[in-house]
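Asks: The structure under discussion is supplied below as structure tokens; questions concerning it will follow.
The values are calculated or read from the model by the stated rules, or taken from the named source; none is laboratory data. It should be emphasised that the depicted structure is a prediction, and the values quoted were computed from it without experimental measurement. Because the Cβ atoms are built from the backbone with ideal geometry, glycine has one as well, and the counts that use them run over all protein chains shown. Each accessible area value is taken on the protein alone, full model and side chains, heavy atoms only, with ligands, DNA and RNA left out. Shrake-Rupley method; radii C 1.70, N 1.55, O 1.52, S 1.80 Å.
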Amino acid sequence: MNDWISAKVTLPDEFEFVLVSYTDSKGLRYVPAIGQIKNGKWHLYGKLINDSRIVTHWMSMPLPPH
């Protein structure tokens, strides 16, 4: 099962924490990271992305263990 959603297709709700996959300027892919949209811009680990990182995919956080 693949629950990843393309960031080109749709974005999560504002302020919703999600898992993200992103690339850097060298094309290296990193996954997962914790991200959210704030004021229409991606933030990773609570910090605005202001460099060459590009979020390509995201998915909802899994439910915690019970």
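Asks: Return the carbon/sulfur percentage of the accessible area of the chain, one whole number, probe 1.4 Å, all protein chains in place.
Replies: Looking at the chain in its full context, I get 58 percent from C and S.
Asks: Another question, if that's okay. Given N residues in the chain, what is its alpha carbon radius of gyration divided by 2.2 N^0.38 Å? Can you show the working numbers first?
Replies: On the way: Rg = 11.7 Å, N = 66, 2.2 N^0.38 = 10.8 Å.
Relative to the rule-of-thumb radius for its length, the chain sits at 1.08.
Asks: Can you tell me which of 17-26, 45-54 comes out highest on packing, and rank the rest after it, using the mean Cβ neighbours within 10 Å?
Replies: Those peptides, ordered most packed to least, come out 17-26, 45-54.
Asks: Gain in length, SER60 to TYR30, computed as 0.36 nm per residue apart minus the alpha-carbon separation, to one decimal in nm? Each step should come with its number before you reach the end.
Replies: Numbers: separation 30, 0.36 × 30 = 10.80 nm, distance 1.67 nm.
Taking 0.36 nm per residue and subtracting the Cα distance, the gain is 9.1 nm.
Asks: Using a 1.4 angstrom probe, figure out how much accessible area the chain has per residue, in square angstrom, rounded to the nearest whole.
Replies: Values: 4880 Å² over 66 residues.
So the chain comes to 74 Å² accessible per residue, rounded to a whole number.
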